[in-house]
Amino acid sequence: MFDKLTQKVSDALRFVAGKSTITEKNIDDAVDTIKMALLEADVNLRVVRRFVNSTIEEAKGEKVLRAVDPGQQFVKIVHDKLVSFLGETGPEGAAAQGLKLRGPDVISTVLMLGLQGSGKTTSSAKLALRLKKEGRKPLLVACDLVRPAAMEQLAVLAGQIGVPVHKEDGATDSVKVYRNAMTWAKQNLIDTVIIDTTGRLQIDEPMMQELSRLKDDAQPDEMLLVADAMTGQSAVDIAKTFDEKIGLTGVILTKFDSDTRGGAALSLKTITGKPLKFVGTGEKPEDFEPFHPDRIAGRILGMGDVVSLVEKAQEVIDQKEALELQKKMEKENFTLEDWLDQLRAVKKMGSLQSMLEMIPGMQGQISEDDIDKADLKRQEVILSSMTRKERANHLIIGPTRRSRIARGSGTSVAEVARLIKKFEKMRGMMKKMAKMGRNPAAMQQMMGGMR
Ligand SMILES: Nc1nc2c(ncn2[C@@H]2O[C@H](COP(=O)(O)OP(=O)(O)O)[C@@H](O)[C@H]2O)c(=O)[nH]1
Ligand SMILES: [Mg+2]
């Protein structure tokens, strides 16, 4: 999903991201493109307006226009806005953590709501499977009494995932079915009861009344709307109605694997205020994931993880330093002293691999194994054994100094010589790279494109 949206947005961002200076007009143009893409993706107009206004306001602030890498800063703002519009992160790891379930001694109840065909029965089973894997003891209850096939469908799924099911053929009162299920649950040490309910093709009064009665009786801990991502805007309207009539605690967005325009995900949280908790990503019981706004925002932007890279790099090198460094690299003023600083900065940033993974186009290109950590450590030791003067100008390092440095660092003269040679080679390369940096197209080509 999101393919079309991603294409448009990433085109707009790519244009801006590569620029070493950006103007207010650049920002307006990029935001305009993003706005069109969002509207086309069926995102609610109110949401689009709010998104656009707050993005422009922040992007035109001093911080962005004056930054060394304004394009990247802008991408980060767009990303962060998307994340905040998508809502909070769903449950990390355990599904139970994302739901307000009670302890194992009290039975928790989850009411599954939604229109016919939205994926209630399937999602009930998916949720049950996750909870079971986490060590809980769920029971599936068939309260869709309108269609006998629905009960059978739930029973079949329950059999597949090895979770007990309560169903009463021929029953007409869902409240009675629920109560009988609770009696069975207590006797069988069940801790979570998941109630699959009836749905119509459209919202109607009798359905709402039945669900209301069921809710009043069960007093569920969670009331989850199951909404079909493919229905776009109407998923948002459905959520609003269910929330007003019954009350919702969260939303499960199904059919996320399909080619939807994705507007629903972006609008749901903003319009209804209800968190997206899980997404269904296929027909199988395993195809179910906690909702991750940042993952989805990244997908919409199609920019690798530029954002985290910017965040991480900011912690280590401030903008001014970065600019100075780039100038030094260009003029071949880069010294051994700078190198030592860089080595230490890299160490501060943590795993080199995770840094590299975040650069678009670099994913999977370089592995940690390619980087010899012991070698980095040795380089640091040798550099530390030099005097400041030597580090500022490596040309003064003759045979006498070389052997002193070797002794001081516990290495050999050959190793010190090798390090200096390597440095000279690196400096030449850096000059080329720095020039490319000023020419984003060349840089991108070198990195195999932005994606
Ligand atoms: N591709 C895909 N299909 C789904 C997903 N969730 C449900 N379905 C399918 O949608 C159809 C309706 O699902 P069902 O659970 O019976 O909906 P209900 O009427 O709300 O109970 C079935 O064919 C499911 O296999 C999903 O996340 N992805
Ligand atoms: Mg069903």
Name the residue that is nearest to Ala41 (Cα to Cα), counting only residues in the stretch 211-255 that are touching a strand residue (DSSP E or B) at 6+ places or on another chain (Cβ under 7 Å) and of a type in the set (Ser, Thr, Tyr).
Thr254
Selection from the stretch 232-258 of residues that are within 14 Å of ligand 1 (Cβ to nearest atom) and in contact with a helix residue (DSSP H, G or I) (Cβ under 7 Å, 6 or more places away or on another chain):
Ala235, Val251, Ile252, Leu253, Thr254, Lys255, Phe256, Ser258
Given the criteria among the acidic types (Asp, Glu) and within 16 Å of ligand 2 (Cβ to nearest atom), does Asp191 qualify?
no
I need every pair where a residue in the stretch 279-293 that is under 20 Å from Gly117 (Cα atoms) and among the polar types (S, T, N, Q) has its Cβ under 9 Å from the Cβ of a residue that is modelled with pLDDT under 90 and surrounded by fewer than 19 Cβ atoms within 10 Å (Cβ to Cβ), sequence separation at least 6 or different chains.
Thr281/Asp257; Thr281/Glu289
Given the residues Gly103, Gly135, which is the only one that is out of contact with any strand residue (DSSP E or B) (no Cβ under 7 Å at 6 or more places or on another chain), at pLDDT 80 or above and away from ligand 1 (no atom under 11 Å from the Cβ)?
Gly135
Looking at the stretch 32-41, which of its residues are hydrophobic (A, V, I, L, M, F, W, C) and free of Cβ contacts under 8 Å to residues at least 40 places away in the same chain?
Met36, Ala37, Leu39
Any residue that is more than 13 Å from ligand 2 (Cβ to nearest atom) and modelled with pLDDT of 90 or more - is there at least one of those in the stretch 113-122?
no
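To keep it simple, each residue is scored yes or no on (1) away from ligand 1 (no atom under 13 Å from the Cβ); (2) free of Cβ contacts under 8 Å to residues at least 60 places away in the same chain; (3) buried (at least 17 other Cβ atoms within 10 Å of the Cβ).
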{"residue": "Val110", "(1), (2), (3)": "yes, no, yes"}
{"residue": "Gly114", "(1), (2), (3)": "no, no, yes"}
{"residue": "Ala125", "(1), (2), (3)": "no, no, yes"}
{"residue": "Arg147", "(1), (2), (3)": "no, yes, no"}
{"residue": "Ala150", "(1), (2), (3)": "no, yes, yes"}
{"residue": "Gln160", "(1), (2), (3)": "no, no, no"}
{"residue": "Lys176", "(1), (2), (3)": "yes, yes, no"}
{"residue": "Trp184", "(1), (2), (3)": "yes, yes, no"}
Could you tell me whether Ser267 is polar (S, T, N, Q), closer than 30 Å to Phe51 by Cβ, more than 16 Å from ligand 2 (Cβ to nearest atom) and not in a helix (DSSP H, G or I)?
no
Can we say Phe288 is at pLDDT 80 or above, out of contact with any Pro (no Cβ under 9 Å at 6 or more places or on another chain) and within 16 Å of ligand 1 (Cβ to nearest atom)?
yes
Quick one: would you say Asp196 is under 18 Å from Thr109 (Cβ atoms) and modelled with pLDDT under 95?
no
Hey, can you tell me all the residues within the stretch 22-47 that are modelled with pLDDT of 75 or more, more than 20 Å from the chain's Cα centre (by Cα) and part of a loop (DSSP other than H, G, I, E, B)?
Ile22, Thr23, Asn44
Against the definition (polar (S, T, N, Q), out of contact with any strand residue (DSSP E or B) (no Cβ under 7 Å at 6 or more places or on another chain) and either without any contact (Cβ under 8 Å) to a residue 60 or more places away in the chain or under 18 Å from Val110 (Cα atoms) (or both)), how does Gln202 come out, yes or no?
no
Given the options Glu210, Glu205, name the one that is surrounded by 14 or more Cβ atoms within 10 Å (Cβ to Cβ), closer than 23 Å to Ile246 by Cβ and more than 12 Å from ligand 2 (Cβ to nearest atom).
Glu210
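The values are calculated or read from the model by the stated rules, or taken from the named source; none is laboratory data. Quick caveat, the model's predicted, so the values are computed rather than measured. Using ideal geometry, Cβ is built from the backbone for each residue, glycine included, and neighbour counts are taken over all protein chains shown.
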